[in-house]
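S.K.: Structure provided below as structure tokens; questions to follow.
The values are calculated or read from the model by the stated rules, or taken from the named source; none is laboratory data. From a predicted model like this one, the values you see are computed outputs, not experimental measurements. With ideal geometry, Cβ positions are generated from the backbone for all residues, glycine too; neighbour counts draw on all protein chains shown.
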Amino acid sequence: MIRILLFLKFVLLTLPAVSCDCPTEIPFRNALNQYDLIFRGKVTDTLSNGTQGVAVFQPLAIYKGHPEERIRIKYDATSSCLMSFSPGEEWIIYASTDPYNRNAVHFCGHSRKYLSSAVAEDHYFPIRKCSFREEDSILLALLGPPSVIKKNVDPVKQRELRHPGRGTAIWYILAAMPVLIIAWFLLKKHLR
């Protein structure tokens, strides 16, 4: 009976530790095709509704995907294995696009945070066999130079009507006058 209780205690106490274990990671060089967006950037803002979080990044280098001035990344904010983003942190992000065209990262993905401390404290190093900066250089070598980042166009300004200036409006009216006069004569002739 004591053995069973000890076994159950051992199993129940180790479950949280096992829940965050990921399957053996595919080397990132071989996994580049499974991601739609790969970039290096700094976190500028984070939002969370308790179940999902969104980290807003200012990209520093975009290796794969559409270049944008700001990139929003969705992540899990509910489990004990959640990814934690804080403003000012630098990350290499490997994101997939969901059916709603939103970028998302996963705990067991290849994304990694820059740790300014020694390599011995970088918990990504034993898996990747390279430092953050070395991985950034490898991405540059494998995927080519980063894309040029486009400025986001404010959708309100994009749909804004632009009214002509006074001089342009007068020219439009003067150009329309002969058309109106011809239309008036044709209509008058047709009604007779």
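S.K.: Condition first: outside any helix (DSSP H, G or I), under 30 Å from T51 (Cα atoms), at pLDDT below 80 and of a type in the set (S, T, Y). Can you find one or more residues in region 143-152 that meet it?
M.R.: Within region 143-152 (the criterion being outside any helix (DSSP H, G or I), under 30 Å from T51 (Cα atoms), at pLDDT below 80 and of a type in the set (S, T, Y)), the answer is no, since none of the residues qualifies.
S.K.: Under the condition of being at pLDDT below 70 and either surrounded by 14 or more Cβ atoms within 10 Å (Cβ to Cβ) or over 28 Å from S96 (Cβ atoms) (or both), which residue from region 106-125 is nearest to the chain's Cα centre (by Cα)?
M.R.: D122
S.K.: Residue pairs, Cβ under 6 Å, 6 or more apart or interchain, first in region 128-156 and on the phi < 0 side of the Ramachandran plot and surrounded by 10 or more Cβ atoms within 10 Å (Cβ to Cβ), second small (G, A, S) and modelled with pLDDT of 85 or more. List them.
M.R.: Final answer for the pair search is P146/A61.
S.K.: Further question on the same structure: So which residues in region 61-110 are without any contact (Cβ under 8 Å) to a residue 60 or more places away in the chain and part of a strand (DSSP E or B), if there are any at all?
M.R.: The answer is I71, R72, I73, K74, Y75, D76, E90, W91, I92, I93, A104.
S.K.: In addition: Can you name the residue in region 33-60 that is surrounded by fewer than 18 Cβ atoms within 10 Å (Cβ to Cβ) and hydrophobic (A, V, I, L, M, F, W, C) and, of all such residues, is farthest from D136 (Cα to Cα)?
M.R.: By that ranking, first place goes to L47.
S.K.: Working only within region 28-51, note down all residues that are under 15 Å from S96 (Cβ atoms) and either part of a strand (DSSP E or B) or of a type in the set (D, E, K, R) (or both).
M.R.: Once the filter is applied, which keeps residues that are under 15 Å from S96 (Cβ atoms) and either part of a strand (DSSP E or B) or of a type in the set (D, E, K, R) (or both), region 28-51 yields D36, L37, I38, F39.
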